[in-house]
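Asker: Below is a structure I'd like to ask you about.
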Amino acid sequence: MPRNVLRQDQERPMMRRSFVGFIGAALLCLFEQPALAQVTWQMATEYPQTNISGVGLTTFSRLISAHTNGFVTVRTSFDNELKISSAEMIGAARDGRVTGGDAFTASMEKADPVFGLPTLPFLVQSFEVARAFNARARPLYEKALEAQNLKLLYMTIWPATGLWSDRALNSANDLNALVVRT
């Protein structure tokens, strides 16, 4: 018997396998393939959307969506809408109430003393010094968050400590018109 001729008992199983494969392929073509599941992160800040933390959260949200081609989106909450303060952010992320957030680091000092670094007086007096400070502090923050099973995503550079106003202050009387939080 030549090698290229199959016996009848060998031919049927081969035909069945080919037929089943074809039917499977045809069935897959009939049904629309499901889209990849989308991931949504809930992130929060206690600050307004126009504050530096709100701008940071909005920017991060836009960038993560762009870099993942929309696979990951971020649902943002501002003005303490979720009732999670900066001091509570680590616990809220660890407990799964939020995926993450933008928090004032010094408020998280109870979780680890390293987060109190920004409260040291006169430490940061310019944008350049703030950038250098963040570069040195980042590994310390990452280590502290890793101990909580969390990951640092980004850092916001806050303005230097001081009194800031949206209008000129020309006299001591101008201070009386300001709303100041200390």
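The values are calculated or read from the model by the stated rules, or taken from the named source; none is laboratory data. The structure displayed is predicted, hence computed values, not measured ones. Cβ placement follows ideal geometry from the backbone for every residue including glycine, while neighbour counts extend to all protein chains displayed. Please note that ligands, DNA and RNA were not included when accessible areas were found on the heavy atoms of the full protein model with its side chains. Shrake-Rupley method; radii C 1.70, N 1.55, O 1.52, S 1.80 Å.
Asker: Quick one: grab the alpha carbon gyration tensor of region 36-141, order the square roots of its eigenvalues as a ≥ b ≥ c, and give me rounded if a/c is under 1.5, else prolate or oblate depending on whether a/b is larger than b/c.
Answerer: Prolate, since a/c reaches 1.5 and a/b exceeds b/c.
Asker: In addition: Once you list every other residue whose beta carbon is under 13 Å from the beta carbon of Val74, what net charge do they have if Lys and Arg are +1 and Asp and Glu are -1?
Answerer: Local charge sum for Val74: +1.
Asker: In nm, give the distance between the simple-model label positions of Arg94 and Ala66, each being 7 Å from the Cα along the Cα-to-Cβ direction.
Answerer: 3.4
Asker: I would also like to ask the following. Once you sort the root eigenvalues of the Cα gyration tensor of region 84-181 as a ≥ b ≥ c, which label holds: rounded (a/c under 1.5), prolate (a/b larger than b/c) or oblate (the other case)?
Answerer: prolate
Asker: Can you give the FRET efficiency for Glu128 and Val55, using 1/(1 + (r/R0)^6), R0 = 30 Å, r = Cβ-Cβ distance, to the nearest 0.05?
Answerer: 0.90
Asker: Show me 118-130, 41-53, 166-178 ranked by packing, highest mean number of other Cβ atoms within 10 Å first.
Answerer: Ranking the peptides 118-130, 41-53, 166-178 by packing returns 41-53, 118-130, 166-178.
Asker: Excluding Met155 itself, what net charge comes from residues whose Cβ is under 11 Å from its Cβ, given Lys and Arg +1 and Asp and Glu -1?
Answerer: 0
Asker: Which whole-number percentage describes the relative contact order of region 39-160, with Cα contacts under 8 Å and a sequence gap of 6 or more?
Answerer: 24
Asker: In terms of solvent-accessible area of protein heavy atoms at a 1.4 angstrom probe, what is the ranking of Val179, Val114, Val55, highest value first?
Answerer: Listed by decreasing accessible area, they come as Val179, Val55, Val114.
Asker: Here is a further query. Amide H to amide H under 5 Å from Glu46: which residues, 5+ apart in sequence or cross-chain, H placed 1.01 Å off N in plane?
Answerer: Asn80, Ser86
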